[in-house]
Amino acid sequence: MEPVVDLLMICALVYVSGGPFSQARAALFAPPLVAAIRLRPWLTAAWALLAVIAYVAVSLPHPALHDQDAAGQVLVGACYLGWVGLAAVALSTLLRTHTERLRRLADERRSLVRQALESESRARRRLGAFLHDQPVQTLLLAAQELEEARRGDARALDRAETAVRTTVAQLRSEISELHSHVLDHAGLCAALDDLAQRWSRRAGIAVCARVDPGATGRHDALILAAASELVANAAHHGAPERIVITVKNREGNVALRVADDGRGMDPQTRADAVAQGRIGLASLTERVQALGGRLEIGPVSGSGTVVTAIVPRRP
């Protein structure tokens, strides 16, 4: 209600101070400009139209209209107000677009932070379960074998040594899962080869990696993490016999392609996984999109799955 009262007061001021010739008519530019900053584009357009109508309504009944140049002055003033109104609508649209973009970026940031915290929590739980179920158990077995050796069992030392070596292998494998030192020291190609070998040993399936040397660079850590997530998804849910990891340079982008010959992924499966709290693929999608990339999934059930992550080299 207050803006309408303000507009009426401006109209009254314009009328009493000269009508179409009043210097106060410049105040009629204010409503559409203020609306551009505070309101939606369609409301800004409404205020711009009201300003034009108000100026014409104040000028037409004014005594000064009988002067020779008054009609032309009213027309020029209305045109100026119209042009300013159009500029205000354009400004409002620009500001609205910018605000929406900032809101989306803020939402994405909150989502990524939440997912990072959830990922850390899941990693801690998985690490705790792994340490309890594997290294701790084999070390307890080694301790038991050492006790047997003290009692005179000559073969117990060999069994204890085997248990300790098994524990070391388990810990090395888990360290590689937590952070690939191979990536730091030997690069993406070697890191993906190491990933393929570990999954081949673990799942008993053929996993191979092919990397274009020109595709390596600033996004190597993300490419490795994405490949690890996609290979794990394929191995756990697709029952494949073969998985192929390919990294190429595609038209200025880095393209990671993980293809398997398993059961395939129905589009509904992805939505169901998110609804059930399995957000690995959804989280990967948001991380790729945050860098200006995209994630493509296909084909459908019965013909295996191909997932391609495309990330700009210079976002």
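The values are calculated or read from the model by the stated rules, or taken from the named source; none is laboratory data. For clarity, every value in this text was computed on a predicted model and none was experimentally measured. A quick note on method: Cβ atoms are made from the backbone with ideal geometry, for glycine too, and the neighbour counts reach across all protein chains shown.
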Among (1) under 23 Å from Arg126 (Cβ atoms); (2) not in a loop (DSSP other than H, G, I, E, B) - the single one Ala239 does not satisfy: (2)
Given (1) surrounded by fewer than 16 Cβ atoms within 10 Å (Cβ to Cβ); (2) modelled with pLDDT of 85 or more; (3) outside any helix (DSSP H, G or I); (4) not acidic (Asp, Glu), index of the condition Gly217 fails: (2)
Positions within the range 178-187 being in a helix (DSSP H, G or I) and either surrounded by fewer than 15 Cβ atoms within 10 Å (Cβ to Cβ) or in contact (Cβ under 8 Å) with a residue 40 or more places away in the chain (or both), in sequence order: Leu178, His181, Leu183, Asp184, His185, Ala186
Condition broken by Arg124, with the remaining ones in (1) farther than 18 Å from Arg201 by Cβ; (2) charged (D, E, K, R); (3) surrounded by 15 or more Cβ atoms within 10 Å (Cβ to Cβ); (4) at pLDDT below 85 satisfied: (3)
Failed criterion for Val300 (all others in (1) surrounded by fewer than 17 Cβ atoms within 10 Å (Cβ to Cβ); (2) assigned to a helix (DSSP H, G or I); (3) aliphatic (A, V, I, L, M); (4) at pLDDT below 80 hold): (2)
Test: residue in the range 147-166 that is in a helix (DSSP H, G or I), under 30 Å from Leu284 (Cβ atoms) and hydroxyl-bearing (Ser, Thr, Tyr): no
